[in-house]
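The values are calculated or read from the model by the stated rules, or taken from the named source; none is laboratory data. As the structure is a computational prediction, the values presented were derived from the model and not from experiment. Note that we place each Cβ from the backbone using ideal geometry, even for glycine, and neighbour counts take in every protein chain shown. The area values use the complete protein model at the heavy-atom level, side chains included, leaving out ligands, DNA and RNA. Shrake-Rupley method; radii C 1.70, N 1.55, O 1.52, S 1.80 Å.
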Amino acid sequence: MGVPRKSATQSAVERRAEELDTIASVLPMERRDELAELLTDQDVETLRHLVNQGMGDNTLRALTSDLAYLEAWGLAATGRSLPWPAPEALLLKFVAHHLWDPEKRGTDPGHGMPADIEENLRGQGFLKSTGPHAPSTVRRRLANWSTLTKWRGLDGAFASPPLKSAIRLAVRAVPRKRSRKSAKAVTGDVLAKLLATCSTDSLRDLRDRAILMVAFASGGRRRSEIAGLRVEQLSVEPSIQVVDGPPLPSLAIHLGRTKTSSGEEDDVVYLTGRPVDALAAWMAAAKIDKGSVFRGIGRWGTVSKRSLDPQSVNAILKQRAALAGLEPGEFSAHGLRSGYLTEAAERGISLPEAMEQSRHRSVQQASSYYNSATRRSGRAARLLS
């Protein structure tokens, strides 16, 4: 009796999964198997090309995430993979499905994204919230769709007047209040409360303590950067000499090419003192000397070989907030980023110096945290104090 042959589809999916693995060190992907089913051979080849071209890690993660969403939406909406280049009608359909008026939908069920498509995407984990998408999210996905189209050597209809008009009118019809990614910043006092819940020598406490301290002290690193951090990105630096005290350990984190760097420039941030000790304690206890730094921990204390996914970093912060008696819904991993700049402002650290560590690209964005801190503590806010 012969050995049954695998189907061509299954073999193609397995091949794409293996090919995705070859770029995982540059582009950590916790949903590899799912991506292998969603992405086409051309999609994977495009990503490999972008990796070889040296595109920044964070940009590649965003492209991959948006490409996976677009392919999932295309399959749900049309029953087939995305065509390249996408016709103008499909781009307009994408806008209509994602930017819509909740009031009109109350009287017209056909307005916006059809219920079966929404259910399909929600079942796959691509849709989390209800209601229309943020205009910025729609614009970003269209921009990445356009970028991927150009990388394939094709022209698209992304600059067509009908598409621009549709987006403009849809945004005007569905005003959204701009809100920060985390309702509250994780400043020094909040961080201290979170760290107080990680006081034992258990693996979970050691890991979470290191995550919180490293993410904050390194300039408020994004959750994707923390989840994707690898031992190979770390290098020991000479100790920092201090007056009337022992020297402080120092460590460099090489972020690689990011949106704020150019050419072959390597973005680097530094850790000094307690965060270095916390990271060393976790890595020693978990016996980590290569590969992913922050990993999952099984029920019986088994440390996984695979990295945490970015969502897990967010979940860890919320769990620690709950243990600290805080309201988890008011905090997210992005609060570490905004909290770092807010804390720096309140401690009198200059904006340029703080931005060197946070690696913010926009002075306007970074200065908004400084302005808020200055206004709260300034004389104008204390006329009756």
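What FRET efficiency comes out for R204 versus S350 if R0 is 35 angstrom and r is the Cβ-Cβ distance? Round to the nearest 0.05. That pair, R204 with S350, gives E of 0.40. Placing a label point 7 Å from the Cα of A173 along the Cα-to-Cβ direction, the residues of the range 86-120 whose backbone N falls under 14 Å of that point are 92-114. Label zone of H111 (point 7 Å out along Cα→Cβ, amide N under 20 Å): in the range 75-98 this covers 92-98. The mean of 1/r over all distinct Cα pairs in the range 273-325, once inverted, gives the Kirkwood hydrodynamic radius of 12.4 Å.
Compactness of the range 60-162, taken as the C-alpha radius of gyration over 2.2 N^0.38 Å, stands at 1.06. Quick one: Debye curve from the C-alpha atoms of the range 110-151, no solvent, what's log10 I(q)/I(0) at q = 0.25 Å⁻¹? Log10 of I(q)/I(0), two decimals: -0.95.
Extending 7 Å from Cα along the Cβ direction at R48 and again at V236 yields two label points whose distance is 3.8 nm. Full extension of the chain between T59 and V268 yields a length gain of 73.5 nm, computed as 0.36 nm times the residue separation minus the alpha carbon distance. Structure note, pairs K193/K287; K128/K318; K128/K193; K184/K318: Cα-Cα distances above 22 angstrom occur for K193/K287; K128/K193. Counting only protein heavy atoms and a probe of 1.4 Å, the accessible surface of the range 73-173 is 55% carbon and sulfur.
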